[in-house]
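Notes follow once the structure below has been shown.
The values are calculated or read from the model by the stated rules, or taken from the named source; none is laboratory data. What you see is a predicted model, and the numbers here were worked out from it, not measured in a lab. As a convention, Cβ positions derive from the backbone with ideal geometry for all residues, glycine included, and neighbour counts pool all protein chains shown. These accessible areas exclude ligands, DNA and RNA; they are computed on the full protein's heavy atoms, side chains included. Shrake-Rupley method; radii C 1.70, N 1.55, O 1.52, S 1.80 Å.
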Amino acid sequence: MIQTKQELRFYLNVESKIYCPNTLKEIIFYRLTNYRDYVLWRYIKLLRYTEYYRNNKNKSIFHEIMYLLTLRKKNTYGYKLGFEICENVFDEGLTISHTGNIVINGEARVGKRCILHGDNCIGNNGISGDAPVIGD
């Protein structure tokens, strides 16, 4: 769970190395073409900011408003990509390889360096409310 700005920067730094290009030419190409990694990086950033604001929403009205705004933006963007991912599920290093049909239960807990491909569902069995816990 991301509690501080320092933790938020750490998570974003780790995950930017997965998605972000190294050269200016690649950066321009990614943005102009709405390249898959750029689109996925935008979603991951929204997810992490939403986590931060959610975990701090009781601190001030600013954090609560920002939580609602980032949650709406994350969900809207996620629905376009085919993602339903709740906050505070994944530890650092989340990699999403493809867009489309990824559903993650909000009670699940997943460790470091998780890689998701298309058509994933991490949830309960529909009978009990228990959700999976997956290590690093």
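Considering the stretch 74-129 alone, what residues qualify as being among the charged types (D, E, K, R) and surrounded by 12 or more Cβ atoms within 10 Å (Cβ to Cβ)?
Answer for the stretch 74-129, where residues must be among the charged types (D, E, K, R) and surrounded by 12 or more Cβ atoms within 10 Å (Cβ to Cβ): 74, 84, 87, 91, 92, 107, 109, 112, 113.
Checking the conditions here, which among 61, 122, 127, 102 is of a type in the set (Val, Ile, Thr) and closer than 18 Å to residue 5 by Cα?
Result: 61 is the single residue among 61, 122, 127, 102 that is of a type in the set (Val, Ile, Thr) and closer than 18 Å to residue 5 by Cα.
For the stretch 91-102, indicate whether the set of residues that are of a type in the set (Ser, Thr, Tyr) and out of contact with any Cys (no Cβ under 8 Å at 6 or more places or on another chain) is non-empty.
yes
Can you name every residue in the stretch 1-52 that is open to solvent by 20 Å² or more (accessible area, probe 1.4 Å), in contact with a Ser or Thr (Cβ under 8 Å, 6 or more places away or on another chain) and without any contact (Cβ under 8 Å) to a residue 40 or more places away in the chain?
Correct list: 41, 46.
Report yes if residue 7 is acidic (Asp, Glu) and modelled with pLDDT of 95 or more, otherwise no.
Yes, satisfied.
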